[in-house]
Structures are given as structure tokens and as C-alpha cells.
Amino acid sequence: MMDKKVCVITGANSGIGKAAAIRIAQQGYQVIIACRSQERAEVALQEIKKKSDSDSIELMIVDLSLQESIQKLAQSFREKHDTLDVLIHNAAIFDITQKQVQYTSEGVESIWATNHLGPVLLTDLLLDPLKNSDQGRVITIASKGLIAKPGLKVNLNDPEFRKKRFRVTNAYYQSKRAQVIYTYWLAEKLSDTSITANCIRVPAVKVDINKYPNLSPMMKRLYSLKSRSALSPEEMAETYTYLATSDEVSNLSGKYFNENRKQVKSSRYTYQLENINQVMNLTMRYLKKR
């Protein structure tokens with residue numbers, strides 16, 4: 001019997017991540033859900049096992065906002081597994097009720113740390129297992145909301161809102177634009193390997209409003225209206241699964257896909273080599289601090 005292919009999905013205790021974990025496990029993969037909350041992850045683990053009819057589900061705990069936690073996760077993974085076939089950077093924070101900037105215990109703005117720096121560091125620490133795969137895949141996640149902010153750039157001088165006013169939407173979309181840039185940079189960096197790096201542009205997906213107890217009644221009504229036309233997590237998970245498992249994309253790298261598995265273009269800013277180098281040089285300065 002051949003060994004199962006191994007897939008790591010961050011933030012897979014709810015939403016699209018959990019739905020993708022179920023689908024990918026059904027494809028015969030060993031799925032590792034990497035989550036921050038032990039309690040919520042344990043519940044999700046049992047649900048994923050039941051719905052996928054698979055016992056090949058493993059739980060690892062990680063706080064993607066903390067480099068120390070990511071290093072521990074990577075070490076634990078490498079102690080148990082020689083090979084990693086798919087790494088899906090699904091975890092992200094975007095609390096629409098957040099008004100004030102928040103910094104991690106390592107002193108980095110939490111959205112920048114979790115949504116951008118975390119995936120870059122985790123990929124770097126798991127490159128050797130990815131290279132051991134016949135065809136390793138790194139999948140990053142961006143947002144269709146970036147279309148509404150065509151001029152948004154990564155603030156090279158103040159990505160953590162230490163000087164300018166904090167807005168949670170700007171912090172979130174900045175981190176997602178950085179992830180698109182990172183995908184193109186990584187694909188080029190790994191062009192002489194069998195590893196591919198692609199990004200998914202996720203549109204509005206139904207969310208559990210109960211996750212945001214501080215929402216005003218008006219915002220709750222707005223979200224209720226918005227969710228009527230939003231995709232379900234299960235529908236969005238189909239695209240995750242396609243990019244993770246399909247032979248059709250085994251030779252595609254450095255591409256940007258929409259929810260319908262179609263290649264789309266990102267903003268002009270993200271393709272320019274000078275911008276890519278500036279954002280990644282900034283990124284690496286954060287990761288070299290530790």
C-alpha cells in the first residue's frame with residue numbers, strides 16, 4: 001500500500017479550511033489541521049473525521065502570529081513526516097469589529113504577522129519536506145475585495161500602523177496584497193524545483209455572525225444581506241481541493257485563481273519586479289529578527 005499524500009491546512013477548525021480538510025481527506029490524503037485553539041480544533045477534528053470517513057486526520061497547534069510557535073510546529077511536523085505534498089495557508093484574521101491596532105507578544109502588528117509573515121515563515125521552514133514530494137504545492141489565499149482597492153500598496157515604511165491611523169480593512173487587504181506578491185516571488189524562487197506556488201482569490205463567503213458578538217444591529221443586517229449572495233464554505237472548498245489535488249494544475253505555478261478555478265489577473269503593482277523585491281526584502285527583515 002502506498003503512503004498517503006500529506007496536506008497541511010492552517011486554520012482548518014472552521015469555515016473554508018474545515019470544508020477543504022474534509023474534501024481533501026476524501027481524496028485519500030492524510031490531512032493535518034494546524035489550528036490555534038486546542039478546544040475548537042478538537043471538536044473540528046472529530047467532525048472532519050466523521051464527515052470524510054477517514055481516520056487520517058491529525059491535529060497540530062500553532063499560533064501563526066508568533067514566529068516561535070511556527071518554528072515549533074515545523075519542528076514537530078519534520079519529526080513525524082519526511083514529506084509534505086500540499087501546504088494551504090488558509091488561516092487569517094479579519095475581525096471587522098476591531099478598532100485599535102493590536103501587537104503580538106513578539107511586538108508585531110497582529111494582522112501583518114498572522115496573514116503574511118506567518119505563511120512566509122512556515123513555508124520556508126517546510127521547504128525540505130515539500131522538496132521531498134514528487135510535486136509539492138503551496139497555496140496562498142487572497143481576497144476578491146482587493147479589486148475594490150486597486151491603488152492599495154504595501155506600506156514599506158509603516159506596514160504595522162505605528163504612525164498612520166489603523167483601519168482593520170486596510171491592514172487586512174495590505175496583508176492579502178502582500179500574499180499575492182509573495183506567491184509570485186515564491187514561484188520564481190522555486191522554478192527549478194517540482195514545487196508550485198499558486199494563489200486563490202476568495203470572494204464573499206458565508207460567515208458565522210456569532211463570531212462577532214460586538215457587531216452593531218445595522219452591521220448584522222448588512223452581513224445578513226451580503227450572505228444571501230455569498231458562497232458557502234463547501235462551495236469555496238472545491239477550488240481549494242482542485243488546486244491541492246488535481247493533475248491539471250501540476251505544472252502551473254505563480255498563478256492567481258478565482259473561485260471558479262479560472263486564472264485571473266491581480267493588480268499591476270503586484271507584477272512589477274521592483275515592488276516584489278521591496279515587499280519581500282521588508283518581509284525577510286522581520287523574519288531575520290529572531
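The values are calculated or read from the model by the stated rules, or taken from the named source; none is laboratory data. The shown structure was predicted, so the numbers you read here are calculated from the model rather than taken from an experiment. In this analysis, Cβ positions are derived from the backbone assuming ideal geometry, glycine residues included, and neighbour counts consider all displayed protein chains.
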Here is a list of conditions, (1) of a type in the set (Asp, Glu); (2) within 19 Å of GLY254 (Cα to Cα); (3) modelled with pLDDT under 95, and ASP85 meets all of them except one; can you say which number that is?
(3)
Those residues of region 235-276 which are free of Cβ contacts under 8 Å to residues at least 24 places away in the same chain, within 23 Å of ALA25 (Cα to Cα) and not in a helix (DSSP H, G or I), in sequence order:
SER246, ASN260, ARG261
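Return the residues of region 93-111 that are outside any loop (DSSP other than H, G, I, E, B) and over 16 Å from the mean Cα position of the chain (by Cα); say none if nothing qualifies.
Applying the first criterion (outside any loop (DSSP other than H, G, I, E, B)) to region 93-111 yields 103, 109-111.
Residues satisfying the conditions are TYR103, GLU109.
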Which of (1) in a helix (DSSP H, G or I); (2) in contact with a helix residue (DSSP H, G or I) (Cβ under 6 Å, 6 or more places away or on another chain); (3) of a type outside the set (A, V, I, L, M) does ASN90 not meet, given it meets every other one?
(1)
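Condition check: part of a helix (DSSP H, G or I) and in contact with a strand residue (DSSP E or B) (Cβ under 9 Å, 6 or more places away or on another chain). Does LEU121 satisfy that?
Working: part of a helix (DSSP H, G or I): yes; in contact with a strand residue (DSSP E or B) (Cβ under 9 Å, 6 or more places away or on another chain): no.
It is false that LEU121 is part of a helix (DSSP H, G or I) and in contact with a strand residue (DSSP E or B) (Cβ under 9 Å, 6 or more places away or on another chain).
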Top-ranked residue in region 55-84 [being assigned to a loop (DSSP other than H, G, I, E, B) and touching a Pro at 6+ places or on another chain (Cβ under 9 Å); ranked as nearest to VAL202 (Cα to Cα)]:
LEU64
Based on this model, can you work out whether ASP124 counts as within 19 Å of the chain's Cα centre (by Cα) and either buried (at least 23 other Cβ atoms within 10 Å of the Cβ) or touching a residue at least 60 places away in the same chain (Cβ under 8 Å) (or both)?
yes
Criterion (within 23 Å of LYS288 (Cα to Cα), β-branched (Val, Ile, Thr) and at pLDDT 95 or above) met by exactly one of VAL168, VAL108:
VAL108
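Among the residues of region 16-32, count how many are within 15 Å of GLU42 (Cα to Cα) and small (Gly, Ala, Ser). Don't jump to the end; show me each part of the working.
Going through region 16-32, the residues within 15 Å of GLU42 (Cα to Cα) turn out to be 17-18, 21-22, 31-32.
Add one more test, that the residue is small (Gly, Ala, Ser), and what stays is 17, 21.
Residues in region 16-32 being within 15 Å of GLU42 (Cα to Cα) and small (Gly, Ala, Ser): 2 in total.
I need a count of the residues in region 30-55 that are under 24 Å from ASN198 (Cβ atoms) and among the small types (Gly, Ala, Ser). Step through it out loud before you land on a result.
From region 30-55, those under 24 Å from ASN198 (Cβ atoms) are 30-35, 48, 52; that's our starting set.
Right, trim to among the small types (Gly, Ala, Ser) and you get 34, 52.
Adding up the residues that qualify gives 2.
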So, in region 158-186, how many residues would count as being buried (at least 16 other Cβ atoms within 10 Å of the Cβ) and either over 26 Å from ASN258 (Cα atoms) or free of Cβ contacts under 8 Å to residues at least 12 places away in the same chain (or both)?
4
Criterion first (at pLDDT 65 or above and more than 18 Å from ALA244 (Cα to Cα)) does ALA197 satisfy it?
no
Find the residue count for region 39-62, including only residues that are more than 12 Å from ILE9 (Cβ to Cβ), under 19 Å from the mean Cα position of the chain (by Cα) and at pLDDT below 95.
1
Answer residue from region 127-157, given it is touching a Leu at 6+ places or on another chain (Cβ under 8 Å) and part of a loop (DSSP other than H, G, I, E, B) and is surrounded by the fewest Cβ atoms within 10 Å (Cβ to Cβ) among those
LEU156
Would you point out which residue out of VAL31, VAL8 is touching a Leu at 6+ places or on another chain (Cβ under 6 Å) and either surrounded by fewer than 19 Cβ atoms within 10 Å (Cβ to Cβ) or not in a helix (DSSP H, G or I) (or both)?
VAL8
Is there a residue in region 56-76 that is among the small types (Gly, Ala, Ser), without any contact (Cβ under 8 Å) to a residue 40 or more places away in the chain and crowded, with 24+ Cβ neighbours inside 10 Å?
no
